[in-house]
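Asker: Input: one structure, supplied below.
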Amino acid sequence: MLDKLDDLIAGTATLDLPDGHFINGAFGKSGGDLIDSYDAGRGAVFAQFTNGTTSDVDRAVTNARNAFQTVWRKTAPVERGRILSKAATLILENLERLAVIETLDCGKPLSEARGDVRGAARCFEYYAGVCDKLQGQTFPLGHDYLGYSISEPIGVTAHIIPWNFPISTAARGIAPALAAGCCVVAKPAETTPFSALLLGDILHQAGLPAGVCNVITGTGVQTGAALVAHPDIDQVTFTGSVATGANVMKSAADNVTRVVLELGGKSPVVMMNDCDQDAALDGVMGAIFENAGQICSAGSRLIIERDIHDAFVERLVKRAQSLTIGHGLHDPNMGPLNSEQHLQKVAGFIDRAKSRGAEVLTGGNITTDPKTGQGWFYEPTIIANRPSDDELVQEEIFGPVLTVQIADDVDHALALANDCQFGLVAGIYTSNATTAHRMARDIDAGQIYINEYFAGGIEVPFGGNKKSGFGREKGLEALQSYCKTKSVVAKI
Ligand code: NAD
(Lines give C-alpha, C1' and ligand atoms only; values in the text may rest on other atoms or scores of the structure.)
Protein backbone atom coordinates (compact mmCIF):
# COMPACT_ATOMS: atom_id res chain seq x y z
CA MET A 1 0.00 0.00 0.00
CA LEU A 2 2.69 2.51 1.00
CA ASP A 3 4.60 1.94 -2.27
CA LYS A 4 1.51 3.18 -4.13
CA LEU A 5 1.24 6.52 -2.34
CA ASP A 6 2.63 8.70 -5.13
CA ASP A 7 0.36 7.02 -7.68
CA LEU A 8 -2.63 7.42 -5.38
CA ILE A 9 -1.85 11.11 -4.92
CA ALA A 10 -1.54 11.52 -8.68
CA GLY A 11 -4.79 9.61 -9.19
CA THR A 12 -3.07 7.02 -11.39
CA ALA A 13 -3.56 4.08 -8.99
CA THR A 14 -6.82 2.65 -7.78
CA LEU A 15 -7.76 0.76 -4.66
CA ASP A 16 -9.80 -2.39 -4.49
CA LEU A 17 -12.72 -1.02 -2.48
CA PRO A 18 -16.19 -2.50 -2.01
CA ASP A 19 -19.04 -0.61 -3.70
CA GLY A 20 -21.87 -2.50 -2.00
CA HIS A 21 -23.18 -2.69 1.56
CA PHE A 22 -21.84 -5.12 4.17
CA ILE A 23 -24.94 -7.05 5.24
CA ASN A 24 -25.18 -10.44 6.93
CA GLY A 25 -21.44 -11.06 6.79
CA ALA A 26 -20.84 -10.27 3.11
CA PHE A 27 -20.49 -7.42 0.63
CA GLY A 28 -23.31 -7.38 -1.86
CA LYS A 29 -24.95 -5.33 -4.55
CA SER A 30 -28.29 -3.62 -4.19
CA GLY A 31 -30.63 -1.70 -6.42
CA GLY A 32 -29.27 1.62 -5.15
CA ASP A 33 -27.47 4.05 -7.46
CA LEU A 34 -23.70 4.43 -7.22
CA ILE A 35 -22.37 7.69 -5.79
CA ASP A 36 -18.88 9.14 -6.36
CA SER A 37 -16.47 9.40 -3.47
CA TYR A 38 -13.90 12.18 -3.72
CA ASP A 39 -10.26 12.43 -2.77
CA ALA A 40 -10.42 15.83 -1.07
CA GLY A 41 -6.67 16.39 -1.57
CA ARG A 42 -7.22 16.41 -5.34
CA GLY A 43 -10.88 17.32 -5.52
CA ALA A 44 -11.34 14.31 -7.80
CA VAL A 45 -13.32 11.06 -7.75
CA PHE A 46 -11.39 8.03 -6.49
CA ALA A 47 -14.10 5.42 -5.89
CA GLN A 48 -17.84 4.76 -5.81
CA PHE A 49 -20.30 3.38 -3.30
CA THR A 50 -24.01 2.56 -3.12
CA ASN A 51 -26.79 4.92 -2.12
CA GLY A 52 -28.73 2.54 0.10
CA THR A 53 -32.45 2.23 -0.51
CA THR A 54 -35.24 1.71 1.99
CA SER A 55 -35.22 -1.98 1.15
CA ASP A 56 -31.44 -2.18 1.78
CA VAL A 57 -32.04 -0.63 5.18
CA ASP A 58 -34.82 -3.07 5.86
CA ARG A 59 -32.62 -6.01 4.85
CA ALA A 60 -29.81 -4.83 7.15
CA VAL A 61 -32.15 -4.31 10.10
CA THR A 62 -33.88 -7.67 9.53
CA ASN A 63 -30.53 -9.47 9.49
CA ALA A 64 -29.41 -7.64 12.60
CA ARG A 65 -32.65 -8.56 14.40
CA ASN A 66 -32.33 -12.17 13.37
CA ALA A 67 -28.70 -12.31 14.53
CA PHE A 68 -29.72 -10.72 17.81
CA GLN A 69 -32.52 -13.20 18.50
CA THR A 70 -30.70 -16.31 17.38
CA VAL A 71 -27.02 -15.80 18.10
CA TRP A 72 -25.48 -12.72 19.66
CA ARG A 73 -27.52 -12.24 22.80
CA LYS A 74 -27.03 -15.94 23.50
CA THR A 75 -23.27 -15.81 22.91
CA ALA A 76 -21.36 -16.13 26.17
CA PRO A 77 -20.04 -12.72 27.26
CA VAL A 78 -16.50 -14.09 27.50
CA GLU A 79 -16.75 -15.20 23.87
CA ARG A 80 -18.02 -11.77 22.82
CA GLY A 81 -14.97 -10.32 24.54
CA ARG A 82 -12.60 -12.64 22.69
CA ILE A 83 -14.08 -11.63 19.33
CA LEU A 84 -13.78 -7.91 20.12
CA SER A 85 -10.23 -8.49 21.27
CA LYS A 86 -9.40 -10.28 18.01
CA ALA A 87 -11.01 -7.40 16.12
CA ALA A 88 -8.62 -4.96 17.83
CA THR A 89 -5.68 -7.08 16.69
CA LEU A 90 -6.96 -7.31 13.11
CA ILE A 91 -7.57 -3.56 12.93
CA LEU A 92 -3.93 -2.99 13.89
CA GLU A 93 -2.77 -5.58 11.34
CA ASN A 94 -4.68 -3.58 8.69
CA LEU A 95 -3.46 -0.22 10.02
CA GLU A 96 -1.67 1.07 6.92
CA ARG A 97 -4.41 0.09 4.49
CA LEU A 98 -7.16 1.57 6.67
CA ALA A 99 -5.17 4.76 7.27
CA VAL A 100 -4.50 5.33 3.56
CA ILE A 101 -8.17 4.79 2.74
CA GLU A 102 -9.23 7.10 5.57
CA THR A 103 -6.86 9.79 4.33
CA LEU A 104 -8.17 9.56 0.77
CA ASP A 105 -11.76 9.67 1.94
CA CYS A 106 -11.44 12.40 4.61
CA GLY A 107 -8.40 14.33 3.44
CA LYS A 108 -6.63 14.25 6.81
CA PRO A 109 -2.84 13.79 7.09
CA LEU A 110 -1.73 10.16 7.06
CA SER A 111 -0.22 10.28 10.53
CA GLU A 112 -3.54 11.55 11.93
CA ALA A 113 -5.39 8.77 10.09
CA ARG A 114 -2.98 6.23 11.59
CA GLY A 115 -3.81 7.65 15.02
CA ASP A 116 -7.52 7.27 14.30
CA VAL A 117 -7.07 3.62 13.29
CA ARG A 118 -5.08 2.94 16.47
CA GLY A 119 -7.87 4.67 18.40
CA ALA A 120 -10.46 2.44 16.73
CA ALA A 121 -8.48 -0.66 17.73
CA ARG A 122 -8.24 0.66 21.27
CA CYS A 123 -12.06 0.99 21.44
CA PHE A 124 -12.44 -2.73 20.72
CA GLU A 125 -9.63 -3.60 23.14
CA TYR A 126 -11.27 -1.53 25.90
CA TYR A 127 -14.80 -2.87 25.48
CA ALA A 128 -13.55 -6.44 24.97
CA GLY A 129 -12.62 -6.41 28.64
CA VAL A 130 -16.05 -5.37 29.84
CA CYS A 131 -18.24 -7.99 28.13
CA ASP A 132 -18.09 -10.41 31.05
CA LYS A 133 -18.33 -7.72 33.73
CA LEU A 134 -21.81 -6.33 33.05
CA GLN A 135 -23.53 -7.25 36.28
CA GLY A 136 -26.93 -6.65 37.80
CA GLN A 137 -27.77 -5.92 41.43
CA THR A 138 -29.76 -7.43 44.27
CA PHE A 139 -32.33 -5.43 46.23
CA PRO A 140 -32.80 -5.71 50.03
CA LEU A 141 -36.55 -6.41 50.18
CA GLY A 142 -36.43 -8.51 53.32
CA HIS A 143 -36.53 -12.12 54.35
CA ASP A 144 -39.43 -13.25 52.14
CA TYR A 145 -38.39 -11.68 48.86
CA LEU A 146 -35.64 -12.06 46.33
CA GLY A 147 -35.10 -8.95 44.22
CA TYR A 148 -32.46 -8.67 41.54
CA SER A 149 -31.78 -6.93 38.24
CA ILE A 150 -30.34 -8.14 34.96
CA SER A 151 -28.52 -5.95 32.47
CA GLU A 152 -29.95 -6.87 29.07
CA PRO A 153 -28.82 -5.69 25.63
CA ILE A 154 -31.18 -3.12 24.10
CA GLY A 155 -31.45 -5.02 20.81
CA VAL A 156 -30.65 -3.58 17.38
CA THR A 157 -28.77 -0.28 17.39
CA ALA A 158 -28.30 2.21 14.55
CA HIS A 159 -25.12 4.25 14.30
CA ILE A 160 -25.08 7.37 12.14
CA ILE A 161 -21.49 8.42 11.59
CA PRO A 162 -20.03 11.78 10.45
CA TRP A 163 -17.19 12.32 8.00
CA ASN A 164 -14.56 13.89 10.20
CA PHE A 165 -13.50 10.77 12.18
CA PRO A 166 -15.19 7.94 10.29
CA ILE A 167 -13.39 4.90 11.67
CA SER A 168 -12.93 6.10 15.22
CA THR A 169 -16.52 7.35 15.55
CA ALA A 170 -17.79 4.07 14.12
CA ALA A 171 -15.64 2.10 16.56
CA ARG A 172 -16.55 4.11 19.63
CA GLY A 173 -20.24 3.33 19.04
CA ILE A 174 -20.08 -0.17 17.61
CA ALA A 175 -17.64 -1.61 20.19
CA PRO A 176 -19.75 -0.91 23.31
CA ALA A 177 -22.94 -1.91 21.48
CA LEU A 178 -21.46 -5.30 20.58
CA ALA A 179 -19.97 -5.68 24.06
CA ALA A 180 -23.41 -5.22 25.58
CA GLY A 181 -24.83 -7.89 23.27
CA CYS A 182 -26.56 -5.63 20.74
CA CYS A 183 -26.55 -6.08 16.98
CA VAL A 184 -25.65 -3.14 14.80
CA VAL A 185 -26.55 -1.34 11.60
CA ALA A 186 -24.07 1.47 10.91
CA LYS A 187 -24.29 4.16 8.26
CA PRO A 188 -21.16 6.19 7.53
CA ALA A 189 -21.35 9.68 6.02
CA GLU A 190 -21.79 9.99 2.28
CA THR A 191 -18.36 11.51 1.80
CA THR A 192 -16.48 8.88 3.84
CA PRO A 193 -18.06 5.43 3.48
CA PHE A 194 -15.10 3.08 3.13
CA SER A 195 -13.45 2.63 6.51
CA ALA A 196 -16.74 1.65 8.17
CA LEU A 197 -17.42 -0.88 5.38
CA LEU A 198 -13.98 -2.39 5.89
CA LEU A 199 -14.49 -2.38 9.65
CA GLY A 200 -17.65 -4.46 9.19
CA ASP A 201 -15.64 -7.00 7.22
CA ILE A 202 -12.78 -7.03 9.76
CA LEU A 203 -15.22 -7.69 12.59
CA HIS A 204 -16.60 -10.61 10.63
CA GLN A 205 -13.07 -11.95 10.07
CA ALA A 206 -12.52 -11.66 13.82
CA GLY A 207 -15.33 -14.13 14.35
CA LEU A 208 -18.41 -11.92 14.64
CA PRO A 209 -21.33 -14.00 13.38
CA ALA A 210 -23.07 -12.90 10.17
CA GLY A 211 -25.67 -10.18 10.71
CA VAL A 212 -24.31 -8.97 14.04
CA CYS A 213 -22.70 -5.88 12.50
CA ASN A 214 -24.02 -4.54 9.19
CA VAL A 215 -22.82 -1.42 7.37
CA ILE A 216 -24.95 0.35 4.80
CA THR A 217 -23.82 3.33 2.79
CA GLY A 218 -25.75 6.19 1.29
CA THR A 219 -26.92 9.73 1.76
CA GLY A 220 -28.36 11.04 4.99
CA VAL A 221 -31.67 12.05 3.46
CA GLN A 222 -32.24 8.66 1.87
CA THR A 223 -30.38 5.91 3.74
CA GLY A 224 -29.83 7.64 7.10
CA ALA A 225 -33.41 8.86 7.38
CA ALA A 226 -34.78 5.39 6.53
CA LEU A 227 -32.53 3.80 9.16
CA VAL A 228 -33.46 6.07 12.07
CA ALA A 229 -37.16 5.86 11.18
CA HIS A 230 -37.11 2.06 10.98
CA PRO A 231 -39.57 0.66 13.55
CA ASP A 232 -37.29 -2.26 14.44
CA ILE A 233 -34.39 -0.09 15.60
CA ASP A 234 -34.17 0.07 19.40
CA GLN A 235 -31.55 2.78 19.81
CA VAL A 236 -29.86 5.39 17.61
CA THR A 237 -26.40 6.78 18.29
CA PHE A 238 -26.16 9.85 16.10
CA THR A 239 -23.01 11.91 15.64
CA GLY A 240 -23.33 14.95 13.42
CA SER A 241 -24.73 18.44 13.14
CA VAL A 242 -27.31 20.03 15.42
CA ALA A 243 -29.90 20.43 12.65
CA THR A 244 -29.69 16.79 11.57
CA GLY A 245 -29.59 15.62 15.18
CA ALA A 246 -32.85 17.44 15.91
CA ASN A 247 -34.45 15.75 12.87
CA VAL A 248 -33.16 12.37 13.98
CA MET A 249 -34.67 12.91 17.41
CA LYS A 250 -38.05 13.82 15.92
CA SER A 251 -38.00 10.82 13.63
CA ALA A 252 -36.97 8.47 16.43
CA ALA A 253 -39.78 9.85 18.60
CA ASP A 254 -42.40 8.33 16.30
CA ASN A 255 -41.25 4.86 17.31
CA VAL A 256 -40.17 5.89 20.84
CA THR A 257 -36.63 4.89 19.88
CA ARG A 258 -33.87 5.89 22.29
CA VAL A 259 -31.25 8.35 21.03
CA VAL A 260 -27.79 9.54 21.96
CA LEU A 261 -26.93 12.79 20.21
CA GLU A 262 -23.29 13.78 19.80
CA LEU A 263 -23.57 17.15 18.09
CA GLY A 264 -21.47 20.18 17.38
CA GLY A 265 -19.22 22.33 19.49
CA LYS A 266 -17.60 25.75 19.80
CA SER A 267 -15.20 24.95 22.53
CA PRO A 268 -13.13 27.49 24.46
CA VAL A 269 -9.44 27.23 25.27
CA VAL A 270 -8.94 29.47 28.29
CA MET A 271 -5.43 30.80 28.96
CA MET A 272 -4.70 32.58 32.24
CA ASN A 273 -1.67 34.86 32.80
CA ASP A 274 0.07 32.28 34.98
CA CYS A 275 -0.03 29.40 32.48
CA ASP A 276 2.86 27.58 30.81
CA GLN A 277 2.67 29.42 27.49
CA ASP A 278 4.83 26.94 25.57
CA ALA A 279 2.49 24.10 26.51
CA ALA A 280 -0.49 26.30 25.72
CA LEU A 281 0.93 27.17 22.30
CA ASP A 282 1.16 23.49 21.36
CA GLY A 283 -2.27 22.90 22.83
CA VAL A 284 -3.99 25.77 21.00
CA MET A 285 -2.35 24.81 17.68
CA GLY A 286 -3.48 21.19 17.94
CA ALA A 287 -6.89 22.17 19.23
CA ILE A 288 -7.80 24.10 16.09
CA PHE A 289 -5.55 22.93 13.26
CA GLU A 290 -5.59 19.16 13.78
CA ASN A 291 -7.82 17.64 11.05
CA ALA A 292 -8.04 21.21 9.67
CA GLY A 293 -10.36 22.12 12.52
CA GLN A 294 -12.98 19.55 11.48
CA ILE A 295 -13.35 18.23 15.00
CA CYS A 296 -16.50 18.54 17.09
CA SER A 297 -14.33 19.20 20.13
CA ALA A 298 -11.93 21.59 18.35
CA GLY A 299 -10.77 24.46 20.51
CA SER A 300 -12.10 27.16 18.21
CA ARG A 301 -12.32 30.04 20.70
CA LEU A 302 -9.14 31.25 22.39
CA ILE A 303 -10.05 33.14 25.55
CA ILE A 304 -6.85 34.72 26.80
CA GLU A 305 -6.03 37.08 29.66
CA ARG A 306 -5.14 40.58 28.53
CA ASP A 307 -1.56 40.75 29.92
CA ILE A 308 -0.34 37.83 27.83
CA HIS A 309 -2.53 38.41 24.78
CA ASP A 310 -0.26 40.43 22.47
CA ALA A 311 2.94 38.41 22.78
CA PHE A 312 1.15 35.07 22.71
CA VAL A 313 -1.02 35.85 19.69
CA GLU A 314 2.10 37.02 17.82
CA ARG A 315 3.73 33.62 18.47
CA LEU A 316 0.53 31.83 17.54
CA VAL A 317 0.25 33.62 14.22
CA LYS A 318 3.87 32.74 13.39
CA ARG A 319 3.24 29.09 14.20
CA ALA A 320 0.06 29.03 12.09
CA GLN A 321 1.99 30.54 9.17
CA SER A 322 4.62 27.83 9.48
CA LEU A 323 2.16 24.96 9.02
CA THR A 324 2.64 22.91 5.87
CA ILE A 325 -0.47 22.08 3.91
CA GLY A 326 -0.91 19.47 1.21
CA HIS A 327 -2.42 16.18 0.17
CA GLY A 328 -3.01 14.03 3.24
CA LEU A 329 -0.92 11.18 1.83
CA HIS A 330 2.10 13.52 1.80
CA ASP A 331 1.50 13.80 5.54
CA PRO A 332 1.62 17.59 5.85
CA ASN A 333 0.72 19.45 9.05
CA MET A 334 -2.74 20.17 7.64
CA GLY A 335 -4.81 18.56 4.90
CA PRO A 336 -7.81 19.75 2.89
CA LEU A 337 -11.40 20.20 3.98
CA ASN A 338 -13.59 17.20 3.35
CA SER A 339 -15.73 18.50 0.49
CA GLU A 340 -16.06 21.47 -1.82
CA GLN A 341 -19.43 22.27 -0.27
CA HIS A 342 -17.89 22.37 3.20
CA LEU A 343 -14.98 24.50 1.95
CA GLN A 344 -17.47 27.06 0.64
CA LYS A 345 -19.32 27.02 3.95
CA VAL A 346 -16.12 27.75 5.89
CA ALA A 347 -15.11 30.49 3.43
CA GLY A 348 -18.56 32.05 3.79
CA PHE A 349 -18.04 32.54 7.53
CA ILE A 350 -14.81 34.44 6.96
CA ASP A 351 -16.10 36.47 4.04
CA ARG A 352 -19.03 37.63 6.16
CA ALA A 353 -16.71 38.37 9.08
CA LYS A 354 -14.46 40.47 6.82
CA SER A 355 -17.48 42.46 5.68
CA ARG A 356 -18.32 43.09 9.37
CA GLY A 357 -14.83 44.51 9.80
CA ALA A 358 -13.21 41.55 11.56
CA GLU A 359 -9.41 41.65 11.61
CA VAL A 360 -7.89 38.55 10.00
CA LEU A 361 -4.51 38.08 11.70
CA THR A 362 -3.47 35.32 9.32
CA GLY A 363 -5.11 33.16 6.65
CA GLY A 364 -8.67 33.83 5.60
CA ASN A 365 -8.52 32.43 2.07
CA ILE A 366 -9.32 29.35 0.05
CA THR A 367 -6.15 27.76 -1.30
CA THR A 368 -4.88 24.58 -2.99
CA ASP A 369 -2.18 21.95 -2.54
CA PRO A 370 1.02 23.93 -3.34
CA LYS A 371 2.47 20.85 -5.10
CA THR A 372 -0.43 20.28 -7.49
CA GLY A 373 -2.68 23.34 -7.42
CA GLN A 374 -5.56 20.96 -6.65
CA GLY A 375 -7.80 20.13 -3.71
CA TRP A 376 -10.16 21.83 -1.26
CA PHE A 377 -7.92 23.70 1.16
CA TYR A 378 -8.44 26.62 3.52
CA GLU A 379 -5.57 28.56 5.05
CA PRO A 380 -4.96 28.27 8.80
CA THR A 381 -6.85 31.32 10.01
CA ILE A 382 -6.81 33.43 13.17
CA ILE A 383 -9.28 36.23 13.78
CA ALA A 384 -8.55 39.02 16.28
CA ASN A 385 -10.70 39.76 19.31
CA ARG A 386 -14.44 39.39 18.59
CA PRO A 387 -17.41 40.09 20.86
CA SER A 388 -19.48 37.20 22.24
CA ASP A 389 -22.45 37.88 19.99
CA ASP A 390 -20.37 37.59 16.82
CA GLU A 391 -21.20 34.71 14.49
CA LEU A 392 -17.55 33.59 14.68
CA VAL A 393 -17.93 33.09 18.44
CA GLN A 394 -21.36 31.48 18.42
CA GLU A 395 -21.43 29.24 15.35
CA GLU A 396 -19.47 26.08 14.66
CA ILE A 397 -17.32 26.75 11.58
CA PHE A 398 -15.76 23.28 11.54
CA GLY A 399 -12.63 24.47 9.78
CA PRO A 400 -9.14 25.80 10.59
CA VAL A 401 -10.44 29.05 12.05
CA LEU A 402 -9.57 30.29 15.54
CA THR A 403 -11.38 33.28 17.01
CA VAL A 404 -9.68 35.17 19.84
CA GLN A 405 -11.46 36.76 22.81
CA ILE A 406 -9.68 38.85 25.49
CA ALA A 407 -10.53 38.35 29.18
CA ASP A 408 -9.84 40.75 32.06
CA ASP A 409 -9.75 38.16 34.83
CA VAL A 410 -10.86 34.67 35.84
CA ASP A 411 -14.53 35.58 36.21
CA HIS A 412 -14.58 37.34 32.86
CA ALA A 413 -12.89 34.35 31.20
CA LEU A 414 -15.48 32.07 32.75
CA ALA A 415 -18.34 34.25 31.57
CA LEU A 416 -16.94 34.31 28.01
CA ALA A 417 -16.40 30.53 28.05
CA ASN A 418 -20.04 29.91 29.00
CA ASP A 419 -21.53 32.54 26.70
CA CYS A 420 -22.15 30.11 23.84
CA GLN A 421 -24.95 27.83 22.71
CA PHE A 422 -22.65 24.77 22.74
CA GLY A 423 -21.15 22.89 25.69
CA LEU A 424 -19.05 20.03 24.40
CA VAL A 425 -15.54 20.46 25.87
CA ALA A 426 -13.29 23.19 27.25
CA GLY A 427 -9.53 23.55 27.75
CA ILE A 428 -7.98 25.43 30.65
CA TYR A 429 -4.34 26.53 30.86
CA THR A 430 -3.22 27.81 34.26
CA SER A 431 -0.62 26.90 36.86
CA ASN A 432 -3.04 27.65 39.67
CA ALA A 433 -4.78 24.42 40.67
CA THR A 434 -7.59 26.25 42.42
CA THR A 435 -8.35 28.36 39.37
CA ALA A 436 -8.23 25.25 37.20
CA HIS A 437 -10.71 23.29 39.31
CA ARG A 438 -13.00 26.28 39.91
CA MET A 439 -13.21 26.69 36.15
CA ALA A 440 -13.68 22.96 35.63
CA ARG A 441 -16.56 23.16 38.09
CA ASP A 442 -18.18 26.22 36.54
CA ILE A 443 -17.77 25.74 32.79
CA ASP A 444 -20.86 24.13 31.30
CA ALA A 445 -19.31 21.41 29.13
CA GLY A 446 -19.25 17.63 29.02
CA GLN A 447 -15.47 17.32 29.30
CA ILE A 448 -12.76 19.63 30.63
CA TYR A 449 -9.06 19.42 29.74
CA ILE A 450 -6.59 21.01 32.15
CA ASN A 451 -3.16 21.94 30.78
CA GLU A 452 -3.40 19.55 27.82
CA TYR A 453 -6.05 19.88 25.14
CA PHE A 454 -7.58 16.53 24.01
CA ALA A 455 -6.17 14.81 27.12
CA GLY A 456 -7.79 11.45 27.90
CA GLY A 457 -8.92 8.48 25.86
CA ILE A 458 -11.58 5.84 25.46
CA GLU A 459 -11.68 5.43 29.25
CA VAL A 460 -13.22 8.90 29.72
CA PRO A 461 -16.94 9.55 29.07
CA PHE A 462 -17.46 12.01 26.24
CA GLY A 463 -20.49 14.02 25.15
CA GLY A 464 -22.07 17.41 25.26
CA ASN A 465 -24.33 19.77 27.16
CA LYS A 466 -26.62 22.45 25.71
CA LYS A 467 -26.79 22.26 21.89
CA SER A 468 -23.87 19.82 21.85
CA GLY A 469 -26.35 17.03 22.58
CA PHE A 470 -26.91 14.51 25.33
CA GLY A 471 -25.89 11.02 26.33
CA ARG A 472 -22.30 9.92 26.71
CA GLU A 473 -20.04 7.79 24.58
CA LYS A 474 -16.74 6.25 25.67
CA GLY A 475 -15.92 4.93 29.11
CA LEU A 476 -18.14 2.54 31.03
CA GLU A 477 -20.93 5.09 30.86
CA ALA A 478 -21.34 4.45 27.12
CA LEU A 479 -22.61 0.98 27.92
CA GLN A 480 -25.73 2.49 29.47
CA SER A 481 -26.91 3.40 25.97
CA TYR A 482 -26.82 -0.23 24.94
CA CYS A 483 -28.20 -1.92 28.06
CA LYS A 484 -31.61 -1.98 29.69
CA THR A 485 -32.27 -3.00 33.24
CA LYS A 486 -34.79 -5.70 34.03
CA SER A 487 -35.82 -5.94 37.68
CA VAL A 488 -37.15 -9.21 39.04
CA VAL A 489 -38.89 -9.58 42.41
CA ALA A 490 -39.94 -12.94 43.77
CA LYS A 491 -41.91 -13.78 46.91
CA ILE A 492 -40.21 -16.84 48.32
P1 NAD B 1 -24.45 15.86 9.29
O2 NAD B 1 -25.43 16.04 10.37
O3 NAD B 1 -24.67 16.52 8.01
O4 NAD B 1 -24.28 14.31 8.94
C5 NAD B 1 -23.94 13.36 9.93
C6 NAD B 1 -24.48 12.03 9.51
O7 NAD B 1 -25.90 12.11 9.50
C8 NAD B 1 -24.06 11.57 8.12
O9 NAD B 1 -23.85 10.16 8.13
C10 NAD B 1 -25.27 11.89 7.28
O11 NAD B 1 -25.40 11.07 6.15
C12 NAD B 1 -26.39 11.59 8.27
N13 NAD B 1 -27.66 12.24 8.00
C14 NAD B 1 -27.89 13.40 7.35
N15 NAD B 1 -29.22 13.65 7.30
C16 NAD B 1 -29.83 12.63 7.95
C17 NAD B 1 -31.17 12.33 8.27
N18 NAD B 1 -32.17 13.13 7.90
N19 NAD B 1 -31.44 11.22 8.97
C20 NAD B 1 -30.44 10.40 9.37
N21 NAD B 1 -29.15 10.63 9.09
C22 NAD B 1 -28.85 11.73 8.41
O23 NAD B 1 -23.08 16.26 9.94
P24 NAD B 1 -21.68 16.31 9.22
O25 NAD B 1 -21.61 17.61 8.53
O26 NAD B 1 -21.44 15.06 8.46
O27 NAD B 1 -20.70 16.25 10.46
C28 NAD B 1 -20.23 17.38 11.05
C29 NAD B 1 -20.97 17.64 12.34
O30 NAD B 1 -20.83 16.53 13.21
C31 NAD B 1 -20.39 18.81 13.08
O32 NAD B 1 -21.43 19.60 13.59
C33 NAD B 1 -19.62 18.16 14.22
O34 NAD B 1 -19.44 18.94 15.33
C35 NAD B 1 -20.45 16.98 14.50
N36 NAD B 1 -19.65 15.96 15.18
C37 NAD B 1 -19.89 15.74 16.50
C38 NAD B 1 -19.12 14.82 17.20
C39 NAD B 1 -19.35 14.56 18.66
O40 NAD B 1 -18.89 13.56 19.14
N41 NAD B 1 -20.06 15.41 19.37
C42 NAD B 1 -18.11 14.12 16.53
C43 NAD B 1 -17.90 14.37 15.18
C44 NAD B 1 -18.70 15.30 14.52
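The values are calculated or read from the model by the stated rules, or taken from the named source; none is laboratory data. What you see is a predicted model, and the numbers here were worked out from it, not measured in a lab. With ideal geometry, Cβ positions are generated from the backbone for all residues, glycine too; neighbour counts draw on all protein chains shown. We work out accessible area using only protein heavy atoms, side chains counted, and drop any ligands, DNA or RNA first. Shrake-Rupley method; radii C 1.70, N 1.55, O 1.52, S 1.80 Å.
Asker: So for the range 160-258, taking the charge dipole from beta-carbon charges (+1 Lys/Arg, -1 Asp/Glu), which of 176, 233, 255 sits furthest toward the positive end?
Answerer: 176
Asker: Roughly how big is the chain's charge dipole about its Cα centre, with Cβ charges of +1 (Lys, Arg) and -1 (Asp, Glu), in debye to the nearest 20?
Answerer: For the chain, the charge dipole is close to 1480 debye.
Asker: Which one, 158, 429, 327, is farthest towards the positive end of the dipole of the chain when Lys and Arg carry +1 and Asp and Glu -1 on their Cβ?
Answerer: Value: 158.
Asker: Give me the percent of DSSP beta bridges within the chain that run antiparallel, rounded to the nearest 5.
Answerer: 45
Asker: Report P(r) for the chain: all Cα-Cα distances, bin width 10 Å, range 0 to the bin holding the largest distance, values in whole percent.
Answerer: 4, 20, 28, 25, 15, 5, 1, 0
Asker: For the pair residue 66/residue 345, report the inter-label distance in nm, with labels modelled 7 Å from Cα in the Cβ direction.
Answerer: 3.7
Asker: Under 1.5 on a/c is rounded, so check that first for the range 1-104, then, if it is not, pick prolate when a/b is larger than b/c and oblate when it is not; a ≥ b ≥ c are the square roots of the alpha carbon gyration tensor eigenvalues.
Answerer: Cα axes put the range 1-104 in the oblate bin.
Asker: Please list 3J(HN,Hα) in residue order for the range 470-480, calculated via the Karplus relation 6.51 cos²θ - 1.76 cosθ + 1.60 where θ = phi - 60°; whole Hz, with x for glycine and proline.
Answerer: 7, x, 10, 9, 6, x, 5, 4, 4, 5, 4
Asker: Please quote Rg/Rh for the range 58-194 to two decimal places, taking the Kirkwood radius as Rh and restricting both calculations to Cα atoms.
Answerer: Rg divided by Rh gives 1.09.
Asker: Could I ask something else about it? Compute the length gained on full extension between residue 465 and residue 315: take 0.36 nm times their separation in residues and subtract their Cα-Cα distance, giving the result in nm to one decimal.
Answerer: The residue 465-residue 315 span can extend by a further 50.8 nm.
Asker: I've got another one for you. Suppose only helical runs count, i.e. DSSP H with n ≥ 4. What mean residue ellipticity at 222 nm does that imply for the chain under -39500 (n - 2.57) per run, divided by all residues and rounded to the nearest 500 deg cm²/dmol?
Answerer: It lands at -11500 deg cm²/dmol.
Asker: Hey, rough spin-label estimate for residue 221 and residue 246, points 7 angstrom out along Cα→Cβ, what's it come to in nanometres?
Answerer: It works out to 1.8 nm between the two label points.
Asker: Sticking with this structure for a sec: In what order, largest first, do 491, 86 sit by accessible area if the probe radius is 1.4 Å?
Answerer: Order by accessible area, largest first: 491, 86.
Asker: Take peptides 183-190, 306-313 and line them up by average Cβ neighbours within 10 Å, highest first, as a rough protection proxy.
Answerer: For the peptides 183-190, 306-313, the packing ranking is 183-190, 306-313.
Asker: Within the range 467-488, find all residues whose amide N lies under 20 Å from a label point positioned 7 Å from the Cα of residue 141 along Cα-to-beta-carbon.
Answerer: 484-488
Asker: Give, in nm to one decimal, the length gained when the segment between residue 148 and residue 322 is fully stretched (0.36 nm per residue of separation minus the Cα-Cα distance).
Answerer: Result for the pair: 56.5 nm of gain on full extension.
Asker: Continuing with this model, one more query. Report, in whole Å, the centroid distance computed from the Cα atoms of the range 332-356 and the range 283-325.
Answerer: 16
Asker: Quick check: from the Cα gyration tensor, does the range 53-114 come out rounded (a/c under 1.5), prolate or oblate?
Answerer: oblate
Asker: Remind me, relative contact order of the range 146-227 in percent, using alpha carbon pairs under 8 angstrom and six or more residues apart?
Answerer: 30
Asker: How big is the gap, in Å, between the Cα center of the range 217-264 and the Cα center of the range 424-492?
Answerer: 22
Asker: Work out the FRET efficiency for residue 384 and residue 411 from their Cβ-Cβ distance, taking R0 = 25 Å, and round it to the nearest 0.05.
Answerer: Approximately 0.65, to the nearest 0.05.
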